[in-house]
Amino acid sequence: MFNNKQWMKEGRNMGEKVPTREEAYELLKKYTKTESLIRHALTVEAVMLHFAELFNADDKEKWGIVGLVHDIDYDMYPEQHCIKAREILEKENWPEDYIRAVQSHGWKICCDVEPVSKMEKVLYTIDELTGLVNATALMMPSKSISDVKLKSVKKKWKQKTFAAGVNREVIAEGAKMLGLDLDTIISETIKGMGTVQLSLAS
Ligand SMILES: [Fe+2]
């Protein structure tokens, strides 16, 4: 029989196991060999933790873990992105809410799982945005996030040929879902990214 604590630890269903950050990182490294993808994962984790703090979420670690593994299938299965992720995480007995959150960042692009929770909406919004902020930082002489200002990112936002792979529409739609203006999202994403020290060179 489960006592309450065990029940929470094991997740909603029998067999599901809430992953620790360490387990999540090990799993990420098992499926991701490309260094820039590891850096991206750590960046998204940091931004997720920043927003969890901002929203005073009671499951901050979960926000970080979901951010960390959101692209877990991308290195090995780019053609089945967000689909293979479910398979990988199910094999590890991850709880369903972690799996759906990971999948939902590819809403309308590689799967039909719509971001519903605040955590999912933040992931959906900031995933692409970190790419734009990163590219903006690389234009700075220092190449440092700490020198990136909101104004510079907004300028780059308007230049459609700059970091052309960054889907501005997804970011704008995510901001709308969160009910936050774009300036706030960008400023907080810059702050979140500033909490990790990573080499930006790709
Ligand atoms: Fe991503």
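The values are calculated or read from the model by the stated rules, or taken from the named source; none is laboratory data. Since this is a predicted model, take the numbers as computed values, not measurements. As a convention, Cβ positions derive from the backbone with ideal geometry for all residues, glycine included, and neighbour counts pool all protein chains shown.
Assorted remarks:
- If you go through the range 119-145 and pick out every residue that is away from the ligand (no atom under 16 Å from the Cβ) and part of a helix (DSSP H, G or I), you end up with 4.
- Screening S144, S117 for residues that are within 23 Å of V196 (Cβ to Cβ) and either touching a helix residue (DSSP H, G or I) at 6+ places or on another chain (Cβ under 9 Å) or among the aliphatic types (A, V, I, L, M) (or both) leaves exactly one candidate, S144.
- Among the criteria (1) in contact with a strand residue (DSSP E or B) (Cβ under 8 Å, 6 or more places away or on another chain); (2) within 19 Å of L28 (Cα to Cα), the one V113 does not fulfil is (2).
- Selection of the range 161-202 for residues being among the basic types (K, R) and modelled with pLDDT under 95 yields an empty set.
Yes/no matrix, rows are residues, columns are (1) among the basic types (K, R); (2) surrounded by 14 or more Cβ atoms within 10 Å (Cβ to Cβ):
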position	(1), (2)
L132	no, yes
K158	yes, no
R168	yes, yes
I171	no, yes
K176	yes, no
D183	no, no
G194	no, yes
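- Of the residues making up the range 146-156, just one is part of a loop (DSSP other than H, G, I, E, B) and exposed (fewer than 15 other Cβ atoms within 10 Å of the Cβ), namely K149.
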